[in-house]
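Accompanying notes for the structure given below.
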Amino acid sequence: MAHKEIAKQITGFFKTTVDSSFNSITLLQEYTEKTINLSLVQSPWFPEEGRKLVSEWLKVYRKGYDDLKVAADEQYRKLEVIFHKDNGADSAETPEKAGKDQGSQKTKKAK
């Protein structure tokens, strides 16, 4: 098996692992957020300033988490482009080109 194929498989495994981890963290974060909000609703003694602070923390965490997910997805997309290149030849196969080529092949088959 070519080194390029091995690298593609390893990268695919890591991407699947990262995606699975992000999904698990998302579920945990949503559950934790619901629990915190429920606790705040049931705690009338908790000051309003504290509620606002906790709400702000949750928003900051969510934004940071979403930014990390976008960055990870972008880096894996870049790796896919690198693995699809044809060693610097002009006919580099990228996911974007593959999508266009498939569309043109479907049109040709239909005729």
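The values are calculated or read from the model by the stated rules, or taken from the named source; none is laboratory data. Here the structure is a predicted model, which is why all the values come from computation and not from measurement. Don't worry about glycine lacking a Cβ; one is built from the backbone with ideal geometry, like all the others, and counts go over all protein chains shown. Each accessible area value is taken on the protein alone, full model and side chains, heavy atoms only, with ligands, DNA and RNA left out. Shrake-Rupley method; radii C 1.70, N 1.55, O 1.52, S 1.80 Å.
A few points about this structure:
- Note on region 7-48: residues that are open to solvent by 60 Å² or more (accessible area, probe 1.4 Å), of a type outside the set (S, T, N, Q) and under 26 Å from the mean Cα position of the chain (by Cα) total 10.
- Here W45 fulfils each of the conditions (1) over 18 Å from R77 (Cβ atoms); (2) in a helix (DSSP H, G or I) apart from (2).
- Selected residue (criterion: farthest from Y31 (Cα to Cα)) from residues of region 53-79 that are in contact (Cβ under 8 Å) with a residue 12 or more places away in the chain and under 8 Å from the mean Cα position of the chain (by Cα): A72
- For I25, the requirement of being at pLDDT 90 or above, in contact with a Leu (Cβ under 9 Å, 6 or more places away or on another chain) and not hydroxyl-bearing (S, T, Y) is not met.
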